[in-house]
Amino acid sequence: MTASRLLTLTELVEGLERDGEEYFVLDVFAWHVQELRDVFEHGRLGELQRLDLEQPDRAWFGFRRNGTDYQIKVHRSGMAQITRRAAGRLELASDQLAQGRLDPEVVRQTEFPGMLLGFLIGEPLSAAPHASRHVLTMRYNEDENRWRAYDGPQAVWIRNHALKIEPAFA
Amino acid sequence: MSEFRTYSDLGPARCQRAVLAFRPMSTDPAPASLTEAQIEQIVQRYRLEMARYDGAARFVEQRLRRELREAAIPALLSSRAKHPADVLDKLRRRADDGRYRHEALLANMNHVMTDVAGCRLIVYDPRQESAAADIVRRTFSLWQAARSYEVLDKDSGYRATHLLVILDAPEVDLALLSTVCEVQVTSIACHVFNELSHDIDYKRKDVSPSGDVQRQLRDVLNATRRLDDVVARLASSRAREIESSKRMLETSEALRFALEQAIDRPLRGEIEKLHRLLSVAVAPLTAHSLAELDVHAALVRGHQVARNLLRAENDNVDDVVALVLGLVTKFGKKFRDLASQWRGPSTALKRAILEVTR
């Protein structure tokens, strides 16, 4: 079962900026993003700009919306991370990035939810080391064309995928 | 499933809580005993009405199953309408009981023999018996009659909480409306003793239990009391273990353990929903993150919010509602977004979130 449409970069930005600057990172499944599919399937960059010119196969891109720069990285597990370019604090190591096309097995695994999910990550709850963080599991509501908080059965799935690749939760 | 016992089946009881309603004094002269023909007539009538009692008992069981799941209280549930043969037996035993009058039984048998529809709720941890009984009280209306809520701890060894609920909510099917159902709440260990001793005492088939049988029954009682203690200790140890662990609280039951350890008492309310709310808002959700949220302070804040904004007394606000209201300053927008999407009947938690974040 797949979602009836794909997310766009504009919708990713809407998700990240949902509550102002409360969150730094939005994780989504890369296969659910139209512009990333264009890159992986057809090699079409569109408005995406490669940020690692020395390793152009690495899935690390920049783009601009409403005067703000954003970067989007795709992890080998199929998760895509979007951050504000200047303030993005949760970085992936270069060798963790997807290279070339996404592994078909990864694509198969991330097709499952049948809905467009996102996971926002924000500030720690306290100053203690390894403190838990403010997060929000979301679903893109295709009828309302907006992100809504989501606590349904697939929430665990996206959360666990996202937590695995976040250095903040290592 | 064996027959449910009514209060009067059980002999003198030490009630630990006040009875919530009283029985009006009757000034009628002593009524005549039931005759065999009258008993047959009543049982015949009961056979025709049995489906209604069966439906009522099942309705109570299904609602409680949902509510207990929400509260993350593991439990076994069963329900039944009394078998006609058991009704016959009971009427014969009670033929001289002034309450079992022919006219009253014909007018509304269910208001005389209050256990014709019965639901049994068995918890594993004996400390959850009162929390489960509380859920029964919050889910249904108590019947306004004598002994509608009793905590029984009898000399015979019988232990359970008995509640008489009446189906009077708008969502109840018309055919079941006004039916009274007896809900018995007990621990699994107590259930073993209650059943065995009942079978020996009330189904003795004219064979009185020998001294040997009575001694062995006493052994069973001691063993079940010990099992209750061991289960309670196990649950406490597990709660401490979870509390001290950095592992994620992946189930509502684990969240209950951790919270109860933090506040040092049983927790009341919709734990399943609380788990969903916190899992969406905090990562990773561990006992440590609960400490970071300062559960104690959040509960106090939540009760204040409930008093100021909802005009609710502390007694009317369960722990989960108070905790969520206490966390509204941190997570209000998320909680509102989630609660507004919850389907099904509106609950106290949903109403409180939507009201306070309006």
**Asked** Wholly within segment B:113-197, which strands (runs of 3 or more DSSP E) include no fewer than the required count, namely at least 2 residues that are surrounded by 22 or more Cβ atoms within 10 Å (Cβ to Cβ) and not hydrophobic (A, V, I, L, M, F, W, C)?
**Response** B:117-123, B:159-166, B:180-187
**Prompt:** Taking segment A:56-66 as the search range and keeping residues that are under 15 Å from A:A98 (Cβ atoms) and surrounded by 13 or more Cβ atoms within 10 Å (Cβ to Cβ), which one is farthest from the chain's Cα centre (by Cα)?
**Reply:** A:R58
**Prompt:** If B:S208 satisfies every condition in (1) among the polar types (S, T, N, Q); (2) within 20 Å of the chain's Cα centre (by Cα); (3) part of a loop (DSSP other than H, G, I, E, B) but one, which is the exception?
**Reply:** (2)
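Per-residue answers, yes or no, for (1) at pLDDT 95 or above; (2) within 30 Å of B:T347 (Cβ to Cβ); (3) under 28 Å from the mean Cα position of the chain (by Cα):
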{"site": "B:D28", "(1), (2), (3)": "no, no, no"}
{"site": "B:F59", "(1), (2), (3)": "yes, yes, yes"}
{"site": "B:L68", "(1), (2), (3)": "no, yes, yes"}
{"site": "B:I73", "(1), (2), (3)": "no, yes, yes"}
**Asked** Among the residues of segment A:140-148, is there at least one that is over 16 Å from A:M79 (Cβ atoms), within 11 Å of chain B (Cβ to nearest Cβ) and surrounded by 23 or more Cβ atoms within 10 Å (Cβ to Cβ)?
**Response** yes
**Request:** Only strands (runs of 3 or more DSSP E) wholly contained in segment A:38-153 count here; list those with 2 or more residues that are over 24 Å from B:S289 (Cβ atoms) and at pLDDT 80 or above.
**Result:** A:60-65, A:68-74, A:79-84, A:133-141
**Item:** Selection from segment B:51-78 of residues that are in contact with a helix residue (DSSP H, G or I) (Cβ under 7 Å, 6 or more places away or on another chain) and free of Cβ contacts under 8 Å to residues at least 60 places away in the same chain
**Value:** B:A75, B:L77
**Residues satisfying the stated conditions in segment B:330-349, i.e. touching a residue at least 12 places away in the same chain (Cβ under 8 Å) and of a type outside the set (G, A, S)** = B:K330, B:F331, B:K333, B:K334, B:F335, B:R336, B:L338, B:W342, B:P345, B:T347, B:L349
**Fill in**
Within segment B:98-110, the residues that are in contact (Cβ under 8 Å) with a residue 60 or more places away in the chain and either more than 26 Å from the chain's Cα centre (by Cα) or surrounded by fewer than 17 Cβ atoms within 10 Å (Cβ to Cβ) (or both) are B:G98, B:Y100, B:R101, B:H102, B:L105, B:L106
**Message:** For a quick check of your reading of the model, give me the residue pairs whose first member lies in segment A:27-54 and is closer than 19 Å to A:R108 by Cβ, whose second is of a type in the set (V, I, T) and not in a loop (DSSP other than H, G, I, E, B), with beta-carbon atoms closer than 7 Å and at least 6 apart or on different chains.
**Reply:** A:F29/A:T110; A:A30/A:V74; A:W31/A:V107; A:W31/A:T110; A:L36/A:V74
**Prompt:** Is segment B:192-203 home to any residue that is of a type in the set (D, E, K, R) and without any contact (Cβ under 8 Å) to a residue 60 or more places away in the chain?
**Reply:** yes
**Asked** Which numbered condition trips up A:E14, out of (1) exposed (fewer than 15 other Cβ atoms within 10 Å of the Cβ); (2) assigned to a helix (DSSP H, G or I); (3) among the charged types (D, E, K, R)?
**Response** (1)
**Asked** Would you pick out the residues in segment A:109-132 that are within 17 Å of the chain's Cα centre (by Cα) and of a type outside the set (G, A, S)?
**Response** A:Q109, A:T110, A:E111, A:F112, A:P113, A:M115, A:L116, A:L117, A:F119, A:L120, A:I121
**Item:** Matching residues in segment A:121-139 - criterion: being more than 9 Å from chain B (Cβ to nearest Cβ) and without any contact (Cβ under 8 Å) to a residue 24 or more places away in the chain
**Value:** A:A127, A:P129
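The values are calculated or read from the model by the stated rules, or taken from the named source; none is laboratory data. Because the structure is a prediction, the values reported are computed rather than measured. Quick reminder, even Gly has a Cβ in these numbers, built from the backbone with ideal geometry, and neighbours come from all protein chains shown.
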